[in-house]
Amino acid sequence: MKFMGTLVFGSALAGVGLAYYVRERSRTTGQSYLEVLRQLPSEARRGYGEARSRAQLALNEGLRVARAREQQVQRDLVAAAPRDDAAVG
Amino acid sequence: MTSALLLVAANAPSMALRYAAAFFLVVVGIGAIYALVRLGGAMGKADKLLADVDTEVVPLLKQATETLDGVNTELDKIDVVMTSVVDATGKVDQTTRAVESAISVPAKKAAAFGAGVSHAVSTFFNRGADGAAGADAQTEQDSAAAGAWSASAAGSNPSGVWPAGGADAPAAEPAASAAETAADDTPTTAQERDS
């Protein structure tokens, strides 16, 4: 019963979201609701591909910046560490 | 009588010399006695001084010896304390190094993780000026993946939506799938090429 309630609630939420998307898309492009619905799979595929490429790019950029930041912190730590010959001489 | 006077006159120089010698010897004897008396007094004072030194310096030397023994004992204790201090300093140095390594490594990783996540999120949600150059290749792949989207965006449909022609969308979907497969197999970044 709980699963069915969740399913119904999720379906209603998805329906509302889909209706909002179709309405906004139709208002933006001037197309009919049917055309927007017909283009929905390709639109979702395009969005998925774009999000995937963005995620890949963001991952690479994040790794690059993280390595650069780690090297910078390492240099700062080495520069801030007291030298051994300073305590001898 | 005359002969007696002549005899006295003849012996007068030797007698004068004898009296002079006797007087000299008497004077020398008196001087010698005086010197010996003074020397005896000085020797008595020296004897007394030595006796005083013997009675006063020896206890002082004993006390100095005891003091030096105490100082040596204290120096031995200080040596032990200094050894302990050196050991403690070494342990503190080791502890400091361990704490430094235990703190610096996670701090370094955390700083790198924060910077990477921040830049990745900003790159994902905002393709700004710095991300535009690196995103060109990805944009081309996106265009290939989307099939006819680049043409539609540059053509009569500036809003970037799928063209109204019904036959284009089904034909573009296999092309998009093939392009995505090709994009997945081709290394796009320097890191992927290195790996």
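Take each residue in B:119-126, count the other chain C-beta atoms within 10 Å of its C-beta, and the mean is 6.
Extending 7 Å from Cα along the Cβ direction at A:Tyr48 and again at B:Val53 yields two label points whose distance is 11.6 nm.
Taking 0.36 nm per residue of sequence separation and subtracting the Cα-Cα distance, how much length would be gained by fully extending the chain between A:Gln74 and A:Tyr33, in nm to one decimal?
9.0 nm
Modelled this way, with points 7 Å down the Cα-to-C-beta line, the labels at B:Ala22 and A:Leu18 are 17.2 nm from one another.
Pairwise Cα distances in the range A:2-82 exceed 16 Å in 72 percent of cases.
Per-residue shielding of A:36-48, expressed as the average number of other chain Cβ atoms within 10 Å of the residue Cβ, stands at 5. Distances longer than 25 Å among the Cα atoms of the range B:1-117: what percent of all pairs is that? Of the Cα pairs, 74 percent sit more than 25 Å apart. Peptide A:68-75 shows a mean partner chain C-beta count of 5 within 10 Å per residue C-beta.
Only the coordinates and a few stated rules stand behind these numbers; no lab work does. Worth saying up front: this structure is predicted, and the values here are computed from it rather than measured. Neighbour counts are summed over all protein chains in view; Cβ atoms, including those assigned to glycine, are modelled from backbone coordinates with ideal geometry.
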